[in-house]
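A short worksheet on the structure shown next.
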Amino acid sequence: MIRALSPYNYTTSFRSPSGLICQSYRLDLRIWNGAKAEASITEVNESWTKLNPTGSDGNDIINIARVLADYVEVTPPTGTGIQLINGNAQWWVKAEVVYFTDPNNPTTSEPPQDYTFNLFGRGYSYGNEGQNITTVTDNLSLDGREFKVNRNGIFILPYYTPDNTLEAITVNSFPAGEVSQTPVPSPALSQRQSNESTQYLWVDVSTVATDKTIEIVLGATDPAPTVTLLIEDEYKHVPMDILFINKYGVCQTLTFFKEFESELKVTREKYETSNNQPSAGYHQFRNINVQGQESFKIQSGWVDESMNETFKQLLLSEQVWHYNGASHIPLNISSSSLNYKTQKRDRLIQYEIDFEYSFNVINNI
């Protein structure tokens, strides 16, 4: 899967498959959301033409990622109980090369060559990872395998299904076994649908009454990829489930458990009027264009050092939401730095992040 927020360089030889050195070539991209079988569509969405004035026999490179990201809009999922939900987070791209090799007729082309199909989404790679990063470890589209969750909250596990084949997922709670489920997609996965290439396992933690952990196992291999949810009971504060788009271009959750502090910032303009006397209750100076934006800071509660990567991706995220149990409230992160904490130096690790609501208090749009 192409991570379209980082470079994906498409390499093309100036020598066509016929053996001739081209005068120029054209790289066409067909981009769509749906079944891979629709790859026969004729509309070209993006195109580059590259000349070869020196008659080079080498390769040429075009970064196609810079146009792909604009096609995908990631939205947070909403579910009930324990279920699988289509991710709707990737699209298809088909690349093909058209060579122009006749020096006497530069508009005559050879048949299209080098058909390449790829899924792409709004993910990214780190600067030290290099270009053209497409892999997803264990098909789990998140980093970390152990998370603290609120007993009355939710957890989302994004799972990559590149061939639209989903291995068996089992969800079990311990120690009493209050939950034991094997959720399946509904409807069943189709063949190579882009909107199904990521599945979200939605876990409503409140389905567990007294158990302390939930174990999610993917597939039957030994050892199978496993994600463990540690259920926390918070009595003093109201935990907050934050959803964000991670480096794989999909949504995941992170629960903040501790102190919450909110703030309101107001901006306004003022003009002077002479409508009537202040002694009669009239304003000589009137406020106009009053706007307010609310913000808050919240503490994570104690976390393991392995969660540093998750907090890093939270701060790097383009879009963030608060799930309040019924709807997704859009947020922006106003914190601009993160001081990584370690157990060796800090012993106990807790983070405080500043958020602001991504809308005005007064609806003016």
ask   = Which percent of the accessible heavy-atom area of region 221-342 goes to carbon and sulfur, probe 1.4 angstrom?
value = 44 percent
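With +1 on each Lys and Arg Cβ and -1 on each Asp and Glu Cβ, how big is the dipole of region 188-249 about its Cα centre, in debye rounded to the nearest 20? Intermediate results must be reported in sequence, preceding the final value.
Values: 4 positive and 9 negative charges, 59 e Å.
It comes to approximately 280 debye.
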request  = Please work out the C-alpha center-to-center distance from region 156-184 to region 290-322 and express it in whole Å.
outcome  = 27 Å
key: Per-residue ³J(HN,Hα) for region 348-353, Karplus 6.51 cos²θ - 1.76 cosθ + 1.60, θ = phi - 60°, Hz, x for Gly and Pro   = 9, 10, 8, 10, 10, 10
key: Amide hydrogen neighbours beyond the local backbone of residue 101, cut-off 5 Å, H modeled   = 23, 110
query = Could you give the distance between the Cα centres of region 332-365 and region 28-78, to the whole Å?
reply = 36 Å
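Rounded to the nearest 0.05, what FRET efficiency do residue 96 and residue 259 give with R0 = 56 Å and r taken as the Cβ-Cβ distance? Could you check?
Working: r = 56 Å, r/R0 = 1.00.
The pair residue 96/residue 259 has a calculated efficiency of 0.50.
So between residue 138 and residue 226, what do we pick up on full extension, going 0.36 nm a residue minus the alpha carbon distance? Could the numbers behind the result be given before it?
On the way: separation 88, 0.36 × 88 = 31.68 nm, distance 0.97 nm.
Additional length available on full extension: 30.7 nm.
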remark   = extent check for region 123-211: Cα max minus min per principal axis, descending, whole Å, gives 46, 34, 18
query = What is the chain's relative contact order, in percent, from Cα pairs under 8 angstrom and six or more apart in sequence?
reply = 16 percent
request  = Give me the aspartates and glutamates in straight-line cross-link reach of residue 297: C-alpha distance below 13 Å, same-chain residues under 8 apart excluded.
outcome  = 259, 261, 263, 352, 354, 356
query = Rounded to the nearest 20 Debye, what is the dipole magnitude of the chain about its Cα centre when Lys and Arg each give +1 and Asp and Glu each give -1 at the C-beta?
reply = 600 debye
remark   = So the carbon and sulfur contribution to the accessible area of region 36-111, 1.4 Å probe, in percent, is 48 percent
query = Which loop GluC sites (Glu not before Pro) in region 29-105, with loop taken from DSSP, have no more than 13 other Cβ atoms within 10 angstrom of their Cβ?
reply = 43, 73
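Before I look further, what does region 168-302 give for accessible area per residue, probe 1.4 Å, in whole square angstrom? Write down the numbers at each step before the final one.
Details: 7200 Å² over 135 residues.
Spelled out: the 1.4 Å probe surface of region 168-302, per residue, equals 53 Å².
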remark   = Expressed in nanometres to one decimal, the distance between label points 7 Å along Cα→Cβ at residue 129 and residue 20 is 4.2 nm
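The values are calculated or read from the model by the stated rules, or taken from the named source; none is laboratory data. Owing to the predicted nature of the structure, the values given are computational and were not obtained by experimental measurement. Cβ coordinates were reconstructed from backbone atoms using ideal geometry, including for glycine residues, and neighbour counts include every protein chain displayed. To get the accessible areas, we keep the full protein, side chains included, count just its heavy atoms, and leave off ligands, DNA and RNA. Shrake-Rupley method; radii C 1.70, N 1.55, O 1.52, S 1.80 Å.
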